[in-house]
Structure formats: structure tokens, C-alpha cells
1. So is Leu267 of a type in the set (A, V, I, L, M) and at pLDDT 95 or above or not?
2. Of all residues in the range 221-256, how many are among the small types (Gly, Ala, Ser) and within 30 Å of Lys91 (Cα to Cα)?
3. Can Tyr321 be described as open to solvent by 40 Å² or more (accessible area, probe 1.4 Å), hydroxyl-bearing (Ser, Thr, Tyr) and in contact (Cβ under 8 Å) with a residue 24 or more places away in the chain?
4. For the range 82-90, state whether one or more residues are out of contact with any Lys or Arg (no Cβ under 6 Å at 6 or more places or on another chain), over 15 Å from Ala114 (Cβ atoms), within 10 Å of the ligand (Cβ to nearest atom) and charged (D, E, K, R).
5. Applying the selection to the range 135-161, what residues are open to solvent by 60 Å² or more (accessible area, probe 1.4 Å) and away from the ligand (no atom under 16 Å from the Cβ)?
6. Would you be able to say whether some residue in the range 244-257 is away from the ligand (no atom under 16 Å from the Cβ) and more than 30 Å from Lys311 (Cβ to Cβ)?
7. If you check Gly13 against the conditions, is it open to solvent by less than 70 Å² (accessible area, probe 1.4 Å) and within 13 Å of the ligand (Cβ to nearest atom)?
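The values are calculated or read from the model by the stated rules, or taken from the named source; none is laboratory data. Please read these numbers as outputs of a predicted model, since none were measured by experiment. Reconstructed Cβ throughout: ideal geometry from the backbone, glycine too, with neighbour counts over all protein chains shown. SASA here: full protein model, heavy atoms, side chains in, ligands and nucleic acids out. Shrake-Rupley method; radii C 1.70, N 1.55, O 1.52, S 1.80 Å.
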Amino acid sequence: MMNIYDVTIIGGGPAGLYSAFYSGLRDLKTKIIEVQPKLGGKINIFSEKMLWDIGGQPPIMAGDFVENLIQQAMTFDPTVCLNSKVHVIRKENELFVIETTNGECHYSKTIIIATGGGIFNPIKLEIEGAEKYEMKNLHYTIKGLERFSGHNVLISGGGNGAIDWAVELLHVAKKVTVIYRKEELSAHEAQIKKLRASGVDILLNAEITSLLASEDKSRIETAVIRQNGHPLSIHVDDIVVSHGYNREVSLQFAPGIEPEKKDDYCLLSIGQCKTTVPGIFAAGDIVSYNDKVGLILGTFQDAVLAVNSAKLYMEPGANQYGMVSSHNEKFKERNEQILERRFA
Ligand SMILES: Cc1cc2nc3c(=O)[nH]c(=O)nc-3n(C[C@H](O)[C@H](O)[C@H](O)COP(=O)(O)OP(=O)(O)OC[C@H]3O[C@@H](n4cnc5c(N)ncnc54)[C@H](O)[C@@H]3O)c2cc1C
């Protein structure tokens, strides 16, 4: 039997996760579809970075913040589909049909597009055989600092991602070396200053040309670099490559329900995070309107607007906004549990 949802959210980043929470708060049957094996969106690519600019939140490691977002999103038990890439959205009678590349069809009265910058895949090292070390000591992201403790780490890249990682790794690694193919690092000035002050080796006009394996062939032991045309060998325990990401934009809309775009990528909001197609809403980095804040905190406001718009689309007589926490019946029981625990 067809299982119909009120709201289906495409993308499980901050915008999608907060939409799921708020949609539950507004009594809507909710589903999230995410292509990656983990919720959290782009934040998962900088999970070791400290976040300082979320309202009311003291500095927090991005990975921990993602866990909080997920926990909050699960408050009203939305259905979550991971490893599912949405590729086509079409309409059958009054329902949206969301097709994924693994052959599933999801049915929904409304849709919130929260696909952010699209699907991010790291740009890989173009060195023959490099892929066999990906499960060993060649990394395209940093999932935890501990495994680098006491190691010689070579970082390839000079943008924000690479330099943020280099700064974080200084705390645990034995030695950090940064190589970059250009003449100047291109990350934020303050981070570059921090890095230079730490005395890290920074090799500019340099790139990895080959990887030499350990005797048992299980890992990379030496990176061969070319700097200004001269070869150089560096002993490594780990190599971290941060050469940016390829963005894959796979989402398509059937003719007749294609939302208007603001530029060649972002969807135009005509107000309240509505797209130009009734029943399709958008939140987070994918949506564009005047005065848009392209930060995590901006995704929360978009999520609230998109969910309220979806609610009113389905129930024109409903309250325009969800109630504040203190007035919402749904929280009464949970508040009591929290207070009991606090005063126990
Ligand atoms: C290096 C870096 C550092 C940053 N630092 C900060 C910071 O310090 N503070 C701050 O506020 N912001 C920061 N940002 C910006 C912040 O990460 C984004 O504003 C935020 O992640 C946007 O959330 P989103 O949910 O709109 O999109 P995303 O986080 O991009 O999530 C979109 C999700 O949709 C999924 N998806 C895409 N297409 C499909 C599809 N077809 N089917 C299924 N799923 C799909 C993706 O896999 C992804 O999980 C930073 C961004 C970067 C790149």
C-alpha cells in the first residue's frame, strides 16, 4: 500500500534536520531522504572544526553539533532513508512522487528541498594506485584527531579546509607539513597566521608526484614531492588530501513542476521559503532570496518558514506559526521528565 507523507525533506543537513524537528512539532507526518550514509550534511566534512557562530551555543566541535542536530530532529520520530539519492520529482494527481536512484518511489503531499550545495565528493589524488591506501593512511576527511596522535602528517592543499585541519592537527600530531601547488596559501588570513606562528613546514609550489609503500605494502611510507621542479621525499605516517570537492547536482523536476531558479543553481524563494511551484518549498543553502544568511543559523529560519508554508498549503486554516515551546502541548510531558531529572 502507498505510504503517503505530509512532508518529505530531501537532504539531511542542518536545514533538513531542523525542518524534520519543526515539521513534527507541527503534527506533520515527516520523512527525510539523504544520499549519504550519515545525516549532518556538509558539516560532516569539517567535523573536527570548532563552531563559534551558532546563537546560544558555546564553541562546539562541528561533529558534536551534528549529533545534537540529529537528536533534536528525531524528537518526533520522522522516517529516515539514508543512502538514497533523489533524482526525479514528478507529480501524480495531487501527490508528489520522489524517485531515488535505487528504484524507490516516495509519495508526499509536500516537499522541502534542503539539498544545500548538492552532493559533495572529494577531489582525489591523481596518482596511480592511490585508492588502495584510502582505507589505510590516505585520508580525504578527518573523522577524529586521536588516530593522528604522535604521527608525521602531510597535508596537501592550501585552502580553508586544508589549513583548518592543519591547525587542529598541530595539537596532536608529532609533525605537520603542508604542501600546496600555488605560490600562496588561499585560506583565511587568521588561520594562516596561526599556522605560520606554529613553525609548521609549509612547502609552496609543491605537489605529490608518487607514493612509496612500506615493506609489507600495507601503507604509504614516503611521499615523493616535486617543489619548483625539484624532487623531495617526505616520510609520512598519514597523508591528508584537501583539494576541494566536486559538486554533483542530480535532482531533476518533471516538466511542469520545475521551480524557478535565482541563478544557475539556487531555487528562488517567492517569500516564506515557497518556490514558484505550489507544494514545493526550499530551505538552507539551496534557497535564495534577498538578505539570505548563508550560514547554519540561517538554515533554521528557512526551515521554520518552509514548514509553516507546507502546513498552510495543506491546511489553509491552520495557525500561521507553531507555538513557542512554553505553549506547545507536545512538550509538557517531556518538560516534566526533564525537571524531575534536574531536581532529583
Ligand atoms: C568548509 C566549510 C566551513 C563552514 N563553516 C561554517 C561555520 O563555521 N559556521 C556556519 O554557520 N556555517 C559554516 N559553513 C556553512 C554551512 O556548512 C552551511 O551553511 C550548511 O551546512 C548548509 O546546510 P544545508 O542543510 O542547507 O546544506 P548541506 O549541509 O549541504 O546539506 C545538504 C544535504 O543534502 C544532501 N543531498 C544533496 N542532494 C541530494 C539528493 N539528490 N538526494 C538526497 N540527498 C541529497 C547532501 O548529501 C547533504 O547531506 C561552512 C561550510 C563549509 C563548506
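1. yes
2. So the answer is 3.
3. no
4. Within the range 82-90, not a single residue is out of contact with any Lys or Arg (no Cβ under 6 Å at 6 or more places or on another chain), over 15 Å from Ala114 (Cβ atoms), within 10 Å of the ligand (Cβ to nearest atom) and charged (D, E, K, R).
5. Met135, Lys136, Glu146, Arg147, Ser149
6. Checked against the condition, which is being away from the ligand (no atom under 16 Å from the Cβ) and more than 30 Å from Lys311 (Cβ to Cβ), the range 244-257 yields no hits at all.
7. Judged against the criteria, Gly13 is a match.
Okay, residues lined up against (1) of a type outside the set (Lys, Arg); (2) free of Cβ contacts under 8 Å to residues at least 24 places away in the same chain:
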position: Glu183; (1), (2): yes, yes
position: Lys193; (1), (2): no, yes
position: Val200; (1), (2): yes, no
position: Ala206; (1), (2): yes, no
position: Val236; (1), (2): yes, no
position: Glu248; (1), (2): yes, no
